[in-house]
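The values are calculated or read from the model by the stated rules, or taken from the named source; none is laboratory data. Please read these numbers as outputs of a predicted model, since none were measured by experiment. Neighbour counts run over all protein chains shown; Cβ positions are idealised from the backbone, glycine included. Areas reflect the complete protein model, heavy atoms only, side chains present, ligands, DNA and RNA absent. Shrake-Rupley method; radii C 1.70, N 1.55, O 1.52, S 1.80 Å.
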Amino acid sequence: MEVVNLRCRFGGVDALKDVSFSIPPETITTIIGPNGAGKSTLLGCISGEYVPKKGRIFLDGREITGLKSWKVSDLGVARTFQLPRAIFHLSAFDNVYLPIFASSKGFGSRRAAAELAREILSRCGLENKAEVLAKELSTAEIRKMELARALGLRPKLLLLDEPLGGLSPTEVDESLKLISELCKEGLTIVAVEHVVRAALEVADSVIFLSNGVLVGEGEPRELLSREDIVELYLGGRFVRRGQL
Ligand code: ADP
Ligand code: MG
């Protein structure tokens, strides 16, 4: 995937300012940076939720800039959200099954779609929760269900917005293991993270955004030892604490 000079504006404010980078297939990239840096906006531009004011986005060499989100999804991009967008009065199974069934990729039959949904739920560690209503699931289970829903669309590129948010250290480990396995099986993964450990443990590469600007990108350990980056990151945290 490639992003060239991407600019996204809300009202009078540029949430992304000429951001450019490229991501090789079958790798894990984490996007980190202080609150309000533009991380979620970047995922939203790639997934077709937002139309950028300027710049271009390519997937496998094909331009996808400004395409509707359903079209981007058809081309192999699935995403999860920072605030999960589940249908809370339906079961975990239905939350995963319905998008599979509704997708235009053609699953042959309801039965094939249901089998795929069960297989993916089990892959995500939810085999015993399939019939539980989404509103009764724990935070970790909802994150797993979100991931399962995205995987049901059989993407090539998976965009995850803070998939570790609200998880315990053990749950973080489990989730990182699954993300690594999915990448080894051929998925390209871009994950917004606030857990720096995630970047260090599983990412091939890190992109650091601050105030809409791509400040640096590269090998995780190298990038996270850069003094300017540490300062921006810690600075952001102090601001956040100060606001609470
Ligand atoms: P991050 O995910 O890095 O915390 P966001 O991408 O959510 O940051 O936000 C970047 C900036 O864009 C912030 O200043 C935020 O207030 C603004 N912003 C994000 N989404 C919207 C929106 N839908 N409408 C207006 N402003 C937005
Ligand atoms: Mg965000």
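At-a-glance table
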{"quantity": "DSSP loop trypsin sites (Lys or Arg not before Pro) with at most 16 other Cβ within 10 Å excluded, longest remaining stretch of the chain", "calculated": "157-225"}
{"quantity": "Computed FRET value (nearest 0.05) for K53 with L234, which takes r as the C-beta separation and R₀ as 25 Å", "calculated": "0.20"}
{"quantity": "With 10 Å bins from 0: P(r) over the chain, alpha-carbon pairs, percent", "calculated": "8, 31, 36, 21, 4, 0"}
{"quantity": "Additional length obtainable on full extension of the chain from S69 to E131, 0.36 nm per residue less Cα span", "calculated": "19.4 nm"}
{"quantity": "Those lysines that a straight Cα-Cα span of less than 30 Å connects to K135, excepting residues fewer than 8 apart in one chain", "calculated": "K39, K68, K71, K105, K144, K156, K177"}
{"quantity": "Heavy-atom accessible area per residue - the chain, 1.4 Å, Å²", "calculated": "49 Å²"}
{"quantity": "Value of D in µm² per second that Stokes-Einstein yields for segment 87-154, Kirkwood Rh from Cα pairs, at 25 °C (0.890 mPa s)", "calculated": "214 µm²/s"}
{"quantity": "Cα gyration tensor shape of segment 1-131, rounded if a/c is under 1.5, else prolate or oblate by comparing a/b with b/c", "calculated": "prolate"}
{"quantity": "Surface share of carbon and sulfur [accessible, 1.4 angstrom probe, percent] for the chain", "calculated": "52 percent"}
{"quantity": "Calculated P(r) of segment 119-198 - Cα pairs past 15 Å, %", "calculated": "55 percent"}
